[in-house]
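Contents: one structure, followed by commentary.
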Amino acid sequence: MFSFSSSLRFGALLIAGFAAVFYMNPPLLRTIGLRAFSMATEVYKSGTVSAAYVTCPNETVAKDIARGLVERKLAACVNIIPQITSIYEWKGKIEEDSEILLMIKTRSSKVPAVTEYVRSVHPYEVCEVISVPIEQGNAPYLSWVTDTVPE
């Protein structure tokens, strides 16, 4: 069983150990300090970034569209989500298809340009391009999106 004085000694050794690690590794201390400052000071304006969704018939089309969006700086990131099933009505019939879903992160102001690009390269007669504004999230990530996609 530990006594109060041995608990104090253990605590002092623990603090001294952390101090030594930080003293001997200034980049680590700087990184921790910058991260704490960044998290405390970054502010995100609700709705500035959107997530847009596009369904594709196969992986080749999905990758081509995703790459084109990122290369054109219309999106910071596109997630390709495989193996979804879509059930919908088309021309009076109920259809069921396997598709690939793209989740596109972009500035809300770029959604019309994203839509225009997708429509110009997508093989569907009527392709899905829908978006929702992001109300909240990790401010550093959302800042990265706006830094990556120019106004």
Practice problem: Would you check the accessible area of E99, probe 1.4 Å, heavy atoms only, in square angstrom rounded to 10? | Solution: 10
Exercise. Starting from the amide H of E42, placed 1.01 Å from N in the peptide plane, find each other amide H under 5 Å away whose residue is 5 or more places distant or on another chain.
Key: none
Practice problem: Determine ³J(HN,Hα), in whole Hz, for all residues of the stretch 124-130 in sequence, where each value follows from phi through the Karplus function 6.51 cos²θ - 1.76 cosθ + 1.60 and θ = phi - 60°; x replaces Gly and Pro. | Solution: 6, 4, 10, 8, 7, 9, 10
Quiz prompt | Residue-by-residue Karplus 3J(HN,Hα) for the stretch 54-61, coefficients 6.51, -1.76, 1.60, Hz, glycine and proline x | solution = 9, 9, 10, x, 7, 5, 4, 4
Quiz item: Working out 0.36 nm times the residue gap between K93 and A139, then minus their Cα-Cα distance, what length gain in nm do you get to one decimal?
Solution: 12.1 nm
Exercise. Just name one of P123, V149, P112: the one whose Cα is farthest towards the positive end of the charge dipole of the stretch 95-151 (beta-carbon charges, Lys/Arg +1, Asp/Glu -1).
Key: V149
Quiz item: Can you give the accessible area per residue of the stretch 35-144, in Å², using a 1.4 Å probe?
Solution: 62
Practice problem: Filter the trypsin sites (Lys or Arg not before Pro) in the stretch 55-139 down to the DSSP loop ones having no more than 12 other Cβ atoms within 10 Å, then list what survives. | Solution: K91
Exercise. Give the cross-link partners of K73 among the lysines, using a straight C-alpha distance below 27 Å as the criterion and excluding same-chain residues fewer than 8 apart.
Key: K45, K63, K105, K110
Quiz item: Any idea of I81's accessible area? Nearest 10 Å², probe 1.4 Å.
Solution: 60
Quiz item: How many angstrom separate the Cα center of the stretch 91-119 from the Cα center of the stretch 66-83?
Solution: 11
Exercise. At q = 0.19, 0.24 Å⁻¹, what is the base-10 log of I(q)/I(0) for the stretch 44-140 according to the Debye formula with one equal point scatterer per Cα and no solvent? Please give it to two decimals.
Key: -0.89, -1.24
Exercise. Determine the sum of side-chain charges near N58: Lys and Arg each +1, Asp and Glu each -1, restricted to other residues whose C-beta is under 14 angstrom from that of N58.
Key: -3
Quiz prompt | Accessible surface, 1.4 Å probe, highest first, among residues Y44, Y141 | solution = Y141, Y44
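The values are calculated or read from the model by the stated rules, or taken from the named source; none is laboratory data. Since the structure is predicted, the reported quantities are computational estimates derived from the model, not experimental observations. Ideal geometry is used to build each Cβ from the backbone, glycine not excepted, and the neighbour counts take in all protein chains shown. These area figures cover heavy atoms from the full protein model, side chains too; ligands, DNA and RNA do not enter into them. Shrake-Rupley method; radii C 1.70, N 1.55, O 1.52, S 1.80 Å.
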